[in-house]
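Structure record follows, encoded as structure tokens.
Bear in mind that the values in this text are calculations on the coordinates, not laboratory data. In this text, all values refer to a predicted model and were calculated from it rather than measured experimentally. Cβ coordinates were reconstructed from backbone atoms using ideal geometry, including for glycine residues, and neighbour counts include every protein chain displayed.
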């Protein structure tokens, strides 16, 4: 049993649709309070630091342009990255899907005879469900980011991509740590909890010889990987082990080292509301005598190249995983991340997850939005999320209406009838005539419709409908034309 | 021994083919760099401050991060280091291989890193290093891990880090750092304050895994070069 009261499913192929998955959260006031508190704090910090930056909009424009350029020439830049990384002593692997990435990582670990591995927080590894796979194969994975330790020890699922345990509060963290670290007298002071995590992991850092990381950026020009973090657990994993494996989505590449001057500025401010995150590590391949002497990069496609092919959707791949969109989203603020049924929640998850699933799963997610546009406004690489949401909604509808079971669905019947009515003026006028007669029966004396039967009731359940005026516009217009003649 | 990339032929070809089909790029290297050069870059690239203001901002930012900052000039540097070491109440220090001998007062125990093991470094209470650059706007210290800055591990494991930063190496903005160092480093670490987390209820806690104490000596060397 989890400490927050329920256990969500974050596999998009198995998760229930959003409106259903959201119910346990909506019934959990403590969880909603935890989420809202965390979101408010980050939002305020971000807003303050973005306001102080006079060239913020120019940075966004450049950030979007750099990412677009990299995506438009992705093949070239990936090959360049591979060349340079290999020349610097790294080994580059290519994984078409999650299963292949898992196999590659396991085979490297087997060659190293590893029974344990330490991990820097990587959402990509959660995407490919790496930990349970390694566990089943006899390799114990230790998460080292504080939030990830909370999740791992508490048997919790991530609900945010930057602060994945934001739904867990201090007393719940205390309980998790007290239980799993055997510290009965632990207080719920975040300082004491952090210290407990530090000593819990210190020995692991010094003894486990293999590590796994994600990547914030891959630099084509130098074959370098960049990892940004706050705690120093990243630096530990990147420096102490003998063997290092970096798992990175193919879209993570940027053309040149200098492009980091834009990406790092927008990432830190958007993600945590800092001018710069405490630690950024950048390294190319292997340096003799310093850090891991075996270095592997696993480039993961897993549906990404199919997103690249689509005009409107390609911008999804610009994402630098800052989470500003979920922090600003009125839906996410109410629901937290678990309802999205994926390790990528919030607005970016609502467009990324169904696309990674090739539109075979998670079709409810493009609807988990009010289309208010707050996500677009804060996005540091200007992803027009509402535009992509609408595009995906149209794909979902197209998929659905062709489905035989939906043929007699009242909504699609109605839509087909409307389609017919709108195609001929006389049909439209006839429909209008009968429609007015019908609606008159339900219009109250105040000119409003308060209750409609059957399907229409879905609308009037929560809102009133204005009654129709005495005559339609075209009748009024025709009469007016006659008069003026 | 390296694991050969077994899937190189199959998946590599498949992924690259799919990407090429999706992007339909045929740009040669000249066209590619022309396209790259046309990326708009109207953000602030050069600083607007004078040297004194820039260094003052760097110090202010470091102090916001709870770093301990003292100022000195080149002639007072060695004595200042000794004072700071004394004030720390620590005795055993790691020194990167290239650390000048006059920075290493004989009052303390020095372990010069000539390939020390992690366990040996872990036994030390502090470390003294130089630095490549300071970025004032964000209070960032840049290490390129030269002989004076040490291997990555020496500025990581000890709990107390004393870092010497020359005022002449402080730039105002991040783009100025990138413009200044065209020679691309094989390794770089950017430090913006001591290790920290806000993972529990967004409460900022100092000192998770990296050094809990960051001390900076700002050497006022502008105009004396």
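Can you bin segment A:13-54 into rounded, prolate or oblate? Criterion: square roots of the alpha carbon gyration tensor eigenvalues sorted a ≥ b ≥ c, rounded for a/c under 1.5, prolate for a/b above b/c, oblate for the rest. The shape class here is oblate. Highest mobility in the GNM of chain B, judged by mean-square fluctuation with C-alpha springs under 10 Å and restricted to B:91, B:151, B:24, is found for B:24.
Of all the options B:66, B:113, B:37, the one that moves most in a Gaussian network model of chain B with Cα springs shorter than 10 angstrom is B:37. With all pairs of separate Cα atoms included, segment B:32-120 yields a Kirkwood hydrodynamic radius of 17.3 Å. Ordered by the number of other Cβ atoms lying within 10 Å of each residue's own Cβ, fewest first, A:446, A:189, A:68 fall into the sequence A:446, A:189, A:68.
Taking all Cα pairs closer than 8 Å and separated by 6 or more residues, the relative contact order of chain A comes to 21 percent. With both labels modelled 7 Å from their Cα along Cα-to-Cβ, the residue A:455 to residue B:30 distance reads 6.2 nm. Site pair residue B:10 and residue A:52 shows an inter-label distance of 5.3 nm when each label is modelled 7 Å from Cα along Cα→Cβ. Length, then width, then depth: along the principal axes, the Cα atoms of segment B:144-225 run 46, 28, 25 Å.
Calculated [222 nm] ellipticity per residue, helices only, for chain B: -7500 deg cm²/dmol; basis is -39500 (n - 2.57) per DSSP H run with n ≥ 4, divided by all residues, nearest 500. Fewest neighbouring Cβ atoms within 10 Å first, the residues B:157, A:392 line up as A:392, B:157.
Restricting to Cα pairs below 8 Å that are 6+ residues apart, what does the relative contact order work out to for segment A:413-484? Please round to a whole percent. The partial results should precede the final answer.
Working: 40 pairs, mean separation 14.2, N = 72.
Computed value for segment A:413-484: 20 percent relative contact order.
Across segment B:51-220, Cα pairs under 8 Å and at least six residues apart give a relative contact order of 29 percent. Site pair residue A:425 and residue B:182 shows an inter-label distance of 7.1 nm when each label is modelled 7 Å from Cα along Cα→Cβ.
Here segment A:357-485 was treated as a single set of alpha-carbon atoms; its pair distances binned every 10 Å from 0 give 10, 23, 30, 24, 11, 2, 0 percent.
For segment A:413-484, the pair-distance distribution built from all alpha carbon pairs, in bins 5 Å wide starting at 0, is 3, 14, 18, 21, 21, 14, 6, 2, 1 percent.
Once the convex hull of the C-alpha atoms of chain B is built, how many Å³ does it hold per residue, rounded to a whole number?
Working: hull volume 47.8 nm³, N = 225.
Once divided by residue count, the hull of chain B is 213 Å³.
Applying Stokes-Einstein at 4 °C and 1.567 mPa s to the Kirkwood radius of segment A:263-341, computed over alpha-carbon pairs, gives a translational diffusion coefficient of 80 µm² s⁻¹. The orientation-averaged shadow of the Cα convex hull for chain A, equal to a quarter of the hull surface, comes to 29.6 nm².
By the helix-only formula, in which each DSSP H run with n ≥ 4 contributes -39500 (n - 2.57) and the sum is divided by residues, chain A has a 222 nm mean residue ellipticity of -14500 deg cm²/dmol.
For segment A:109-248, the average shadow cast by the Cα convex hull is 8.7 nm², which is a quarter of the hull's surface. Computed from the C-beta positions of residue B:56 and residue A:183, the FRET efficiency with R₀ = 35 Å rounds to 0.20. Given the options B:111, B:215, B:28, state which has the largest fluctuation in a GNM of chain B using a 10 Å cut-off (strictly under) for Cα springs. The residue that fluctuates most here is B:28. Based on the Kirkwood approach, the hydrodynamic radius assigned to segment A:30-138 is 18.4 Å, with every pair of different Cα atoms included.
Restricted to Cα atoms, segment A:180-327 shows a radius of gyration and a Dmax of 17.7, 57 angstrom. Computed over segment B:36-84, the convex hull of the alpha-carbon atoms projects to a mean area of 6.1 nm².
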